[in-house]
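Since every read-out is calculated from the coordinates, none of them should be taken as a lab result. The structure displayed is predicted, hence computed values, not measured ones. Methodologically, a virtual Cβ is constructed for each residue, glycine included, from the backbone with ideal geometry; neighbour enumeration extends over all protein chains shown.
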Amino acid sequence: MVDKDRLVAQARGMQEMAYVPYSNFRVGAALLTEEGKIFTGCNVENSAYGVCICAEQTAVVKAVSEGSKSFVAVAVAGDSDGPCLPCGACRQVLSEFAKPDMVLYCVGKDGEVKNFTLGEILAYSFHLEEKNFD
Ligand code: THU
């Protein structure tokens, strides 16, 4: 699948941009929008640890601020032992702009890509209003 390979490669590439002096754990993300655009992100840490920004959130903020508000897939790359999955906060942030069938391509240091859906990893998510997914 072209999108998958391209997204995973871009997420991997973004690990290089990560600013991680505290954890030294580099994460890259690549988001595919409904209209076929890709927005990338990396984690950006801070000496006030609580305001560290995850790679997925960097990508979401870049996309939304450029006018894209509907995502169909995301690749997340880290040097974890298993696949690098989005944290709980990132799952919630993604769910604001994606349907439960959004696909996640998650890859760790061994390079094996595992596929998930957002609905699978964030069941019964919180939203103020019922979402119209049409
Ligand atoms: N991190 C992400 O970028 N995305 C996630 O979904 C999980 C964690 C970052 C935050 C921090 O900079 C580093 O990984 C270690 O937690």
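Annotation: peptides 79-86, 40-47, ranked by per-residue average of other Cβ atoms within 10 Å with the highest first, follow the order 40-47, 79-86.
Principal axis extents of the C-alpha atoms in the chain (largest first, rounded to whole Å): 41, 36, 28. When peptides 49-59, 18-28 are ranked by their average number of other Cβ atoms within 10 Å per residue, the highest-first order is 49-59, 18-28.
The distance linking the stretch 26-65 with the stretch 82-118 is 13 Å (Cα centroid to Cα centroid, whole angstrom). When the charge dipole of the chain is built from unit charges on Cβ atoms (+1 for Lys and Arg, -1 for Asp and Glu) and taken about the Cα centre, the candidate among 88, 111, 71 whose Cα reaches farthest toward its positive end is 111. Prolate is the label for the stretch 57-134. Its Cα gyration tensor axes, ordered a ≥ b ≥ c, give a/c of at least 1.5 and a/b above b/c.
Judged by the ratio a/c of the largest to the smallest principal axis of the C-alpha gyration tensor, the stretch 1-65 counts as oblate, that ratio being 1.5 or greater while a/b is no larger than b/c. Shown is the FRET efficiency for residue 101 and residue 128, computed with R0 = 25 Å from the Cβ-Cβ distance and rounded to the nearest 0.05: 0.75. Relative contact order, whole percent, for the stretch 1-75 stands at 30, derived from Cα pairs under 8 Å and 6 or more residues apart.
I want to check the label-to-label distance for residue 117 and residue 47. Put each point 7 Å from Cα in the C-beta direction and report it in nm to one decimal. Those two pseudo-labels are separated by 4.6 nm.
Per residue, the chain reaches -7500 deg cm²/dmol at 222 nm when only DSSP H runs of four or more residues are counted, each adding -39500 (n - 2.57).
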